[in-house]
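Here the structure is laid out as structure tokens; the discussion comes afterwards.
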Amino acid sequence: MEQVNSDKGSDWKLWEQPASHRSRGRSAFHGALAAKNHGDDAFRAYHHGLLRATHANGLDHGRRQTLIQVATDAGLEIAQFERDLNDRAQLGVIGEDYEEARGIGVFGTPTFVFSSDAAIYLKLDPKVRVGEPALLFESFVKTVVDRPYMMEMKRPTRPTP
């Protein structure tokens with residue numbers, strides 16, 4: 001989102017900015033890349049943990065301390081995770097992923113892209129009832145794939161009473 005919404009021009013690339021540039025998104029992606037080096041299961045555990053930490057627990061996914069805590073909770077080997085987190089050479093992957101995603105119309109996460117080339121952004125409240133996600137996802141896929149003309153669904157944000 002930081003790259004998409006940047007007003008710094010098309011030559012500015014988030015993944016090329018110095019470590020001193022504060023970015024929650026880049027930090028979160030860098031942590032995910034570091035977790036991926038531990039294997040697919042570790043990546044999934046880390047990814048789910050980061051989503052919980054951010055959306056359910058209100059932690060800042062741009063803080064190194066949060067990334068390390070999530071990695072610890074996911075059972076990653078922390079010394080290796082921290083080495084990978086310090087490896088700026090991996091940041092190029094973020095740029096490659098960004099360019100590929102922009103090529104198919106992704107403007108934010110989570111955007112789902114189906115084999116029919118139907119793509120749509122979907123944001124859910126993390127407090128979905130137990131047992132509901134699979135049923136909801138089935139309905140979502142059917143709606144989106146069968147209706148390629150549907151561009152976006154969004155609820156207005158309302159203050160909490």
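The values are calculated or read from the model by the stated rules, or taken from the named source; none is laboratory data. Worth saying up front: this structure is predicted, and the values here are computed from it rather than measured. Cβ: placed from backbone, ideal geometry, glycine included. Neighbour counts: every protein chain shown.
Among residues of segment 12-31 being of a type in the set (D, E, K, R) and in contact (Cβ under 8 Å) with a residue 40 or more places away in the chain, the one that is surrounded by the most Cβ atoms within 10 Å (Cβ to Cβ) is Arg26. If you check Leu59, Leu91 for being assigned to a helix (DSSP H, G or I), at pLDDT 85 or above and of a type in the set (A, V, I, L, M), only one passes: Leu91. When segment 123-149 is filtered for residues that are modelled with pLDDT of 80 or more and not in a helix (DSSP H, G or I), the ones remaining, listed by number, are Arg147, Tyr149.
Conditions (1) modelled with pLDDT of 90 or more; (2) of a type in the set (D, E, K, R); (3) out of contact with any Leu (no Cβ under 9 Å at 6 or more places or on another chain); (4) not assigned by TED's automatic domain parsing to the domain that holds Pro148, marked per residue:
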{"residue": "Gly31", "(1), (2), (3), (4)": "yes, no, no, yes"}
{"residue": "Ala71", "(1), (2), (3), (4)": "yes, no, no, yes"}
{"residue": "Asp84", "(1), (2), (3), (4)": "yes, yes, no, yes"}
{"residue": "Glu96", "(1), (2), (3), (4)": "yes, yes, yes, yes"}
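All of Ala71, Ala101 fail the test of being of a type outside the set (D, E, K, R), under 21 Å from Ala53 (Cβ atoms) and surrounded by 15 or more Cβ atoms within 10 Å (Cβ to Cβ), apart from Ala71.
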